[in-house]
Amino acid sequence: MTDDIRLAFAHPAERAAASTDIPYDRISLRDYIVEVEIGAFQQERGKLQRVKFNVVVEVLPDQGPIDDDVDRILSYDKVIEAIGIELEAERINLLETLAARVAERVLLEPMAERVFVRIEKLDRGPFALGVEIVRSSDGSKPAGQDHIETPHPRVVYLSNEALVSGNLTSWIDDFSKDDAPVILCVGAGELPVIQTGHAMTQRRIDLLAIEQNAWLVGAKDHRCKVVATRTELDWAMKNGQICVWAPSKIVLDAVDGPSASPRDALALVSWFAAEMEAKELVVIGDDAPASDVPTRTIAVTGASNG
């Protein structure tokens, strides 16, 4: 009985470990505190109070090598995102309601098998008031991130002429004013690219040449962060971060990858824009490619987002 009492007040991670013989991996979010208006009592209306979240998600171990690859695991950001979505959806009276909704949203992630959610109010007195629930997956999972509304970004291709024109900052200023997330794309720089004479290795080197140029953009404007994975792109789009696409990982990992060579940067970017379900492809300093995405061009001379 003593151990039962100890476990009753233990961290959800310890409770999870003690409550199953299945060799789950566990991802935990500890002591995440947000200020929110919540509660059924009148004195809780119209004021913010601190609420603390502890969440443990159990996932079945990946049978293949993780390879230090963020796209092969359930990201912590998905847990934080689930909390944020439910807090923003509507005002909630009961912690029990909030805990259930957070658990349900986390369990929509394909890798999640079971989730422990503990939520505590910290400002109702010299103590913490809270609830803890456990929920398991029913086995029905949506594919990918279908349960979360996917942002539709504006994909912007910058030619080498555009990069040296001196207008980069003003273009970024203009695009930042729009509601759509912004993903910047480039081709290879002007320097000669190493030639290997071998198709597979040449493809990788050509992609790396594009990434060199992407890092150049990141160095030109601190608002631009070079990103390589779909997980990073999803997080950035939902959090207002301007991205510069480093293409190697997404291109090489794609099941139905682009037919275009990395040397045809515009065709590659057109494929990427379609993959991201972009609302628009903007081409600065070059001709518009054939694309399934609405496309427009901007000339370098006297350029503006108009």
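The values are calculated or read from the model by the stated rules, or taken from the named source; none is laboratory data. Bear in mind the structure is a predicted one, so any value in this text is a computation, not a measurement. Backbone-built Cβ (ideal geometry, glycine too); neighbour counts: all protein chains shown.
Looking at this structure, is VAL34 more than 22 Å from GLU113 (Cβ to Cβ), among the aliphatic types (A, V, I, L, M), outside any loop (DSSP other than H, G, I, E, B) and at pLDDT 90 or above?
yes
I'm checking my understanding of the structure. Among residues of the range 165-179 that are closer than 15 Å to VAL300 by Cα and either loosely packed, with under 15 Cβ neighbours inside 10 Å or among the basic types (Lys, Arg) (or both), which one is farthest from the chain's Cα centre (by Cα)?
Among those residues, the one meeting the criterion is GLY166.
Looking at VAL115 and the list (1) of a type in the set (A, V, I, L, M); (2) modelled with pLDDT of 75 or more; (3) in contact with a helix residue (DSSP H, G or I) (Cβ under 8 Å, 6 or more places away or on another chain); (4) more than 25 Å from ILE33 (Cα to Cα), which single condition is not satisfied?
Here VAL115 meets the rest and fails (4).
Inspect all residues belonging to the range 201-215 and state whether any of them is under 22 Å from LYS279 (Cβ atoms) and either surrounded by 13 or more Cβ atoms within 10 Å (Cβ to Cβ) or touching a Phe, Trp or Tyr at 6+ places or on another chain (Cβ under 8 Å) (or both).
Yes, the range 201-215 contains at least one residue that is under 22 Å from LYS279 (Cβ atoms) and either surrounded by 13 or more Cβ atoms within 10 Å (Cβ to Cβ) or touching a Phe, Trp or Tyr at 6+ places or on another chain (Cβ under 8 Å) (or both).
So, in the range 160-184, of the ones that are among the β-branched types (Val, Ile, Thr) and either assigned to a helix (DSSP H, G or I) or touching a Gly at 6+ places or on another chain (Cβ under 7 Å) (or both), which residue ends up farthest from LEU233 (Cα to Cα)?
Out of the qualifying residues, it is THR169.
Pick from the range 37-88 the residues that are among the acidic types (Asp, Glu) and in a helix (DSSP H, G or I): which of them is modelled with the lowest pLDDT?
Among those residues, the one meeting the criterion is ASP71.
Does VAL182 satisfy the condition of being farther than 21 Å from PRO289 by Cβ, within 21 Å of the chain's Cα centre (by Cα) and hydrophobic (A, V, I, L, M, F, W, C)?
no
Can you tell me how many residues in the range 89-118 are in a loop (DSSP other than H, G, I, E, B), buried (at least 17 other Cβ atoms within 10 Å of the Cβ) and touching an Asp or Glu at 6+ places or on another chain (Cβ under 9 Å)?
2
Need the failing condition index for GLU149 against (1) at pLDDT 90 or above; (2) out of contact with any Leu (no Cβ under 8 Å at 6 or more places or on another chain), just the number.
Answer for GLU149: the failing condition is (1).
If you go through the range 242-261 one residue at a time, how many are surrounded by fewer than 17 Cβ atoms within 10 Å (Cβ to Cβ), closer than 21 Å to LEU74 by Cα and touching a residue at least 24 places away in the same chain (Cβ under 8 Å)?
The qualifying residues number 2.
Does at least one position in the range 230-237 carry a residue that is in contact (Cβ under 8 Å) with a residue 12 or more places away in the chain and in contact with a Phe, Trp or Tyr (Cβ under 7 Å, 6 or more places away or on another chain)?
no
Filter the range 230-242 for residues that are among the polar types (S, T, N, Q) and at pLDDT below 85 and give the result.
Answer for the range 230-242, where residues must be among the polar types (S, T, N, Q) and at pLDDT below 85: THR231, ASN239.
Quick one: VAL131 ticks every box in (1) at pLDDT 90 or above; (2) crowded, with 17+ Cβ neighbours inside 10 Å; (3) outside any helix (DSSP H, G or I) except a single one, so which number is it?
(2)
What pairs come out if I take residues in the range 75-94 that are within 18 Å of VAL131 (Cα to Cα) and pair them with residues that are aromatic (Phe, Trp, Tyr) and crowded, with 18+ Cβ neighbours inside 10 Å whose C-beta lies under 8 Å away, six or more apart or interchain?
ILE83/PHE53
Sort out which residues of the range 216-250 are under 13 Å from MET276 (Cβ atoms) and in contact with a strand residue (DSSP E or B) (Cβ under 6 Å, 6 or more places away or on another chain), and write them in order of number.
Listed by number, the residues that qualify are VAL227, LEU233, ALA236, CYS243, TRP245.
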